[in-house]
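Working notes for the structure below.
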Amino acid sequence: MDPNLSIVIPLTKETKHLPLTLIDFDNHLSRLGRPYEIFIIPAKTDQLVKETIRRFSPFIKNLTLIEEAGSQLLALKESIKAAHGRFFLLADPSRSVSLGEAAKLVEQIENGFDVATVWRKNKKTGGLKTVLAKTASLIARLISPGLNDPLTPFQCFSLKSAGAIFTRLKTTPEGSFAEPLAVARRLRLRIKEVETEIEAPRFSLMEFFGIIKKVATIRFWLWLGAY
């Protein structure tokens, strides 16, 4: 049976957590009742990742490692060409958002939206990391106006909209997942945010400045009309 859902997991620094991520993802995806495929896209060639894929392939169907000349961005674009599902899910390898939310996002795509994302609430108050997280989210709205959670790492696309978005990307997912939503906004695609009780993460000072740098880069590309 052909896959109905294509999941892409871009790896940055979570290589050592990949086995637990795959077990967790497979567990949740099996409950959805939809045939699926999983693409793993490492930031760089890693023997540990290759060995993990080799060990898990007999147990997880349609598990594929995509490497493209050491470029995660090119590999991400290649995953669009390789995808067979009607729905394209970009998932955070840190599992900060449960895959149990996937069914809600797919439902929104089936209802006619081009993009569906998880809207995490930031209920905590006080503390430097919380302030940095809220500030980063506000700044990210400069490139994705109208969105409540423009930094959400859990995004679902129709295969058609994914093709339009991901072929235009200029940056890798490292640091944040802000660019696909910014491109979707520029293309005037229909985006639906699904509220969840999951809290938004807090950021360290280094993570904060990494996000600001990425937002500034994306804003520059938007200003140039590169998308």
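A few remarks follow.
- Contour excess over end-to-end distance, with Cα ends at ARG55 and ARG31 and 0.36 nm allotted per residue: 6.4 nm
- Nearest-10 value in Å² for the accessible area of PHE220, using the 1.4 Å probe: 100
- Qualifying GluC sites (Glu not before Pro) in the range 48-82, where qualification requires a DSSP coil assignment and no more than 16 other C-beta atoms within 10 Å, comprise GLU68.
- Counting only DSSP beta bridges with both residues in the chain, the antiparallel share comes to about 25 percent.
- Protein heavy-atom surface of the chain, 1.4 angstrom probe: 54% of the accessible area is carbon and sulfur, with nucleic acids and ligands not counted.
- Calculated FRET value between ASP24 and LEU224, using beta carbons and R₀ = 35 Å, to 0.05: 0.35
- Take the Cα of LYS121, step 7 Å toward its Cβ, do the same at GLU197, and the gap between the two points is 0.9 nm.
- Note: relative contact order over the chain, using C-alpha pairs below 8 Å and six or more positions apart, is 22 percent.
- ASP92 accessible area, 1.4 Å probe, all protein chains in place, Å² to nearest 10: 20
- Averaged per residue, the chain has 49 square angstrom of accessible surface, using a 1.4 angstrom probe with ligands and nucleic acids left out.
- Counted residue by residue at 0.36 nm each, then reduced by the alpha carbon distance between them, the extension gain from LEU142 to HIS17 reaches 41.7 nm.
The values are calculated or read from the model by the stated rules, or taken from the named source; none is laboratory data. The shown structure was predicted, so the numbers you read here are calculated from the model rather than taken from an experiment. Quick reminder, even Gly has a Cβ in these numbers, built from the backbone with ideal geometry, and neighbours come from all protein chains shown. Side chains included, ligands, DNA and RNA excluded: accessible areas come from the protein's heavy atoms. Shrake-Rupley method; radii C 1.70, N 1.55, O 1.52, S 1.80 Å.
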